[in-house]
Amino acid sequence: MSPVNTSATVRPLVKLSAIRKSFGPVEVLKGVDMAVEEGQVVAMIGRSGSGKSTLLRSINGLERIDGGVIEVDGECVDPGQIDLRALRQKVGMVFQQFNLFPHLTAGENVMLALKVVKKQDKAATRAAAESALAKVGLGHKFDAYPSQLSGGQQQRVAIARSLAMAPKVLLCDEITSALDPELVAEVLGVVRKLAEEGMTLILVTHEMRFAREVCDRLVFMHGGRIAEQGPPAKLFDRPSTPELAQFIGMVEAR
Amino acid sequence: MLNFTLWDILSNLLLAARWTVLLSLIAFVSGGVAGLLLLVARVSPVPPLRIAAKLFIEVFQGTPLLMQLFIVFFALPLIGIETSAWTSAAVALTLFTAAYLAEIWRGCVEAVPKGQWEASASLAMTFPEQMRHVILPQALRIAVPPTVGFSVQVVKGTAVTSIIGFVEVTKAGTMITNATFQPFLVYGLVGLIYFALCYPLSLSAKALERKLNVAR
Amino acid sequence: MAYSFDFSSLLDYTPVLVDGVATTVALTAVSTVLGVALGIGGAAARTSSVKPLAVVVGAYVELIRNTPFLVQLFFIFFGLPSLGIRLAEWQAAVLAMVINLGAYSTEIIRAGIEATPKGQIEAGASLGMTGPQIFRYVVLGPAMAKIWPALTSQIVIVMLGSSVCSQIAAEELSFAANFIQSRNFRPFEVYFLATALYLALAVGLRWIFSLMGQRMFAKGVSRA
């Protein structure tokens with residue numbers, strides 16, 4: 001675990017400034033500032049409706065923001081921007097529902113964007129896909145279709161698909177929530193390995209124990225704002241807002 | 001009055017049916033191509049394109065094919081294009097087919113889960129890349145049965161072109177009726193010829209749909 | 001070649017157009033009521049346990065759905081007199097439209113009926129209802145609610161298709177358009193206007209049916 005680096009000289013890899021977002025009359029993000037440095041592992045927690053998923057999705061442009069600026073490794077996105085291609089090549093995303101392409105094999109799922117977005121040649125995409133699948137422990141499933149894989153395996157392919165694009169940061173949106181309980185561990189194991197290798201990760205998760213063990217920093221969102229953030233141990237043991245205290249109590253009571 | 005045997009009547013109808021088949025093929029193929037372009041515009045992220053495609057579809061699905069034929073027939077000369085029953089029929093049926101196919105296919109595109117759009121977007125794919133590699137291959141699979149089913153409407157639609165003077169099987173039926181005074185027999189045969197053309201298409205659409213449902 | 005459009009000469013023919021629209025509306029209204037009634041009966045027969053009945057209705061549906069409306073119309077208007085059945089233009093038009101819509105709505109309503117959960121029928125039977133009672137009180141309502149949009153589309157198609165009734169001299173909207181353009185030699189303008197009127201009728205028809213659907217099926221039935 002790397003300590004939280006607060007020194008002003010380090011330029012953050014991901015910088016969110018005054019992010020605002022409304023769905024119709026409902027304002028779900030009310031001016032969020034957040035910075036993530038290279039190699040950090042950050043978990044966003046909070047109740048459903050607190051805005052954590054929306055914030056995560058806005059980082060690679062799946063939600064258009066209404067105000068503020070998102071900066072990832074020098075690529076800027078503001079509400080006026082439409083072309084997100086450069087940003088998205090630096091930001092990978094893994095979804096709750098896996099979203100593998102069902103008409104393609106595991107290997108083809110991984111190779112597709114390398115071919116059409118990165119314009120790599122056939123041999124290079126093949127090699128990259130093989131190594132990405134091997135990394136998530138599924139090198140032998142290259143030719144399997146998603147329907148032939150378990151939920152846990154599908155999610156690992158989805159992780160490999162994102163990793164193969166060599167993103168600077170990987171976003172994980174409740175990636176174990178759709179899994180049967182016995183399949184959660186294999187996916188979290190992969191994420192843990194990525195964290196140890198120094199991958200920058202931002203996770204929205206309900207796995208509190210995992211967040212506590214693996215993350216450098218916890219961000220607690222409440223009512224469209226960051227209510228509290230800091231090292232997991234501090235937040236879990238000495239929450240400074242009543243909302244967080246109640247949230248932790250609620251989660252641990254489950 | 002000449003005497004017409006049943007074979008005389010049938011053979012003349014069958015000869016005319018060639019034009020029904022040819023016009024159907026032309027309308028279906030060119031309408032399919034135009035419909036694909038229309039579909040892409042209809043689901044594209046560019047609002048003016050989307051609205052224009054939507055309008056086109058609404059107009060062609062909200063007006064009679066007969067009126068579309070008349071308008072094409074009388075409008076093409078106004079813009080300096082020499083026209084015949086053939087070209088008018090082909091152009092009008094193509095536009096008609098394009099509108100219906102685009103709408104059928106839009107339903108298929110919308111049946112592809114939203115997560116597929118999001119996953120491909122998060123991999124930095126552009127709209128054309130998403131359509132080409134992720135969305136259309138999935139939509140196409142479920143689009144086959146209703147597309148085959150719609151081909152029946154195209155074949156039947158060609159009958160209306162007889163009204164602007166295109167000599168296909170319905171027009172031939174009218175001409176033969178005028179010569180033989182046997183409308184019951186002639187229109188009965190005309191109906192059977194259409195049935196022979198359309199029923200296999202209907203059956204295969206049904207079979208394809210059953211196969212798709214089993215596969216899922 | 002510069003063509004100057006002239007819609008003003010159409011004004012003189014307003015009564016003809018109004019008559020045409022009225023006739024198209026009347027043809028559509030009558031054939032919708034009778035055609036949907038026929039469709040409900042057809043669907044009941046098609047799903048009934050009486051095999052010969054289901055087969056006959058099936059043949060009717062396939063025959064109509066796989067032949068053009070224009071040919072059906074010609075067969076009825078020009079062909080049936082050979083059997084001694086002579087119909088006026090409007091009678092032939094209505095008959096053709098009813099038979100046509102009847103076949104399509106049989107198929108549409110049948111799909112709605114077959115989507116009824118088995119438990120609904122079993123629940124009706126367990127309450128001592130007879131087969132027809134179950135059909136009338138348990139199955140039909142939700143089935144109609146489910147297929148209402150598809151039925152609406154089909155009725156619009158039949159309304160638009162009625163334009164070919166001009167070919168047997170039924171004096172509906174496209175007949176009116178043909179008549180006018182033969183007098184004022186402005187075919188493009190006339191057909192353009194007639195097409196716009198059809199579009200308005202189609203939009204109006206969809207609107208009325210969506211209102212009816214909301215009124216009839218508002219209670220507790222979800223639109224699938």
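Read the figures in this text as sums done on the coordinates, not as results from a lab. Everything quoted here is computed from the prediction, not taken from an experiment. Cβ sites come from the backbone with ideal geometry, for glycine too, and all protein chains shown count toward neighbours.
Dipole of the stretch B:58-216 computed with +1 at Lys/Arg Cβ and -1 at Asp/Glu Cβ about the Cα centre; of B:213, B:94, B:81, farthest Cα towards the positive end is B:213.
Averaged over peptide C:159-171, the number of partner chain Cβ atoms lying within 10 Å of each residue's Cβ comes to 3. Comparing B:164, B:142, B:81 in a Gaussian network model of chain B where C-alpha atoms under 10 Å apart are linked, the largest mean-square fluctuation is found at B:81.
Ranked by how many other Cβ atoms sit within 10 Å of their own Cβ, fewest first, the residues A:77, C:18 fall in the order C:18, A:77.
Rounded if a/c is under 1.5, else prolate if a/b is larger than b/c, else oblate: which is the stretch A:72-213, with a ≥ b ≥ c the root eigenvalues of its Cα gyration tensor?
Values: a/c = 1.66, a/b = 1.07, b/c = 1.55.
It is oblate, given that a/c is not under 1.5 and a/b is not larger than b/c.
In chain A, the longest principal axis of the Cα atoms and the axis of helix A:106-116 are about 80 degrees apart. Counting only trypsin sites (Lys or Arg not before Pro) that DSSP places in a loop and that have at most 12 other Cβ atoms within 10 Å, the longest clean stretch of chain C runs over C:87-218.
Would you order A:122, B:156, B:171, B:54 from fewest to most other beta-carbon atoms within 10 Å of each residue's own beta-carbon?
On the way: A:122 10, B:156 24, B:171 21, B:54 16.
Ascending Cβ contact count within 10 Å gives the list A:122, B:54, B:171, B:156.
How far apart, in nm, are the 7 Å Cα→Cβ label points at residue A:193 and residue C:184? Simple spin-label model gives 7.9 nm for this pair. Sorted ascending by nearby beta carbons within 10 Å, beginning with the fewest, C:51, A:193 become C:51, A:193.
Can you tell me the FRET efficiency between residue B:192 and residue B:55 if r is taken as the Cβ-Cβ distance and R0 is 30 Å, rounded to the nearest 0.05? Working shown, then result.
Working: r = 39 Å, r/R0 = 1.31.
Once rounded, the FRET efficiency stands at 0.15.
A simple charge model with +1 on the Cβ of Lys and Arg, -1 on the Cβ of Asp and Glu and nothing else charged puts the dipole of chain C at about 860 debye relative to its Cα centre. The simple spin-label model puts a point 7 Å past each Cα toward its Cβ; for residue B:78 and residue C:126 those points are separated by 6.6 nm.
Structure shown: which of A:118/B:54; B:156/C:118; A:141/A:168 lie over 30 Å apart, alpha-carbon to alpha-carbon? Could you put the intermediate results ahead of the total?
Details: A:118/B:54 34 Å; B:156/C:118 37 Å; A:141/A:168 26 Å.
The pairs that break the limit, which is 30 Å between Cα atoms, are A:118/B:54; B:156/C:118.
Each residue of the stretch B:25-42 was assigned a 3J(HN,Hα) from its phi angle through the Karplus expression (A = 6.51, B = -1.76, C = 1.60, θ = phi - 60°), giving 4, 4, 5, 5, 5, 5, x, x, 5, 4, x, 5, 4, 5, 4, 4, 5, 5 Hz with x at Gly and Pro. A cut-off under 9 angstrom between Cβ atoms defines the neighbours of residue A:222, and their net charge, with Lys, Arg +1 and Asp, Glu -1, is 0. For chain B, the mean projected area of the C-alpha convex hull, equal to one quarter of the hull surface, is 14.7 nm². Computed from point charges on the beta carbon alone (+1 for Lys and Arg, -1 for Asp and Glu), the dipole magnitude for the stretch C:77-177 about its Cα centre is near 280 Debye. Shielding of peptide C:73-79 by partners, expressed as the average count of other chain Cβ atoms within 10 Å per residue Cβ, is 6.
Compute the relative contact order of chain A as a whole-number percentage, counting only Cα pairs closer than 8 Å that sit 6 or more residues apart in sequence.
Normalised by residue count, the contact order of chain A is 25 percent.
Express as a percent, rounded to the nearest 5, the fraction of DSSP beta bridges in the stretch A:14-253 (both residues included) that run antiparallel. Around 55 percent of the beta bridges assigned by DSSP in the stretch A:14-253 are antiparallel ones. Which shape class applies to the protein assembly as shown: rounded if a/c is under 1.5, otherwise prolate when a/b exceeds b/c and oblate if not, where a ≥ b ≥ c are the square roots of the Cα gyration tensor eigenvalues? It is prolate, given that a/c is not under 1.5 and a/b is the larger ratio. By DSSP, the beta bridges lying fully in the protein assembly as shown are antiparallel in about 55 percent of cases. Dipole orientation for the stretch B:106-216: of the candidates B:165, B:199, B:153, B:199 has the Cα lying most toward the positive pole (charges on Cβ; Lys, Arg +1; Asp, Glu -1).
Between the alpha-carbon centres of the stretch C:159-177 and the stretch B:1-39 there is a gap of 23 Å.
Roughly how crowded by other chains is peptide B:114-121, in terms of the mean Cβ count from those chains within 10 Å of each of its Cβ atoms?
Details: counts 2, 6, 6, 2, 8, 14, 6, 7.
Shielding by partners across B:114-121 averages 6.
Residue C:200 label point, 7 Å along Cα→Cβ, cut-off 17 Å on backbone N: hits in the stretch B:43-63? Residues B:59, B:62-63 qualify, since their backbone N sits under 17 Å from the label point. Rounded to whole Å, give me the distance from the Cα center of the stretch A:68-139 to that of the stretch A:205-248. Cα centroid to Cα centroid, the span is 30 Å.
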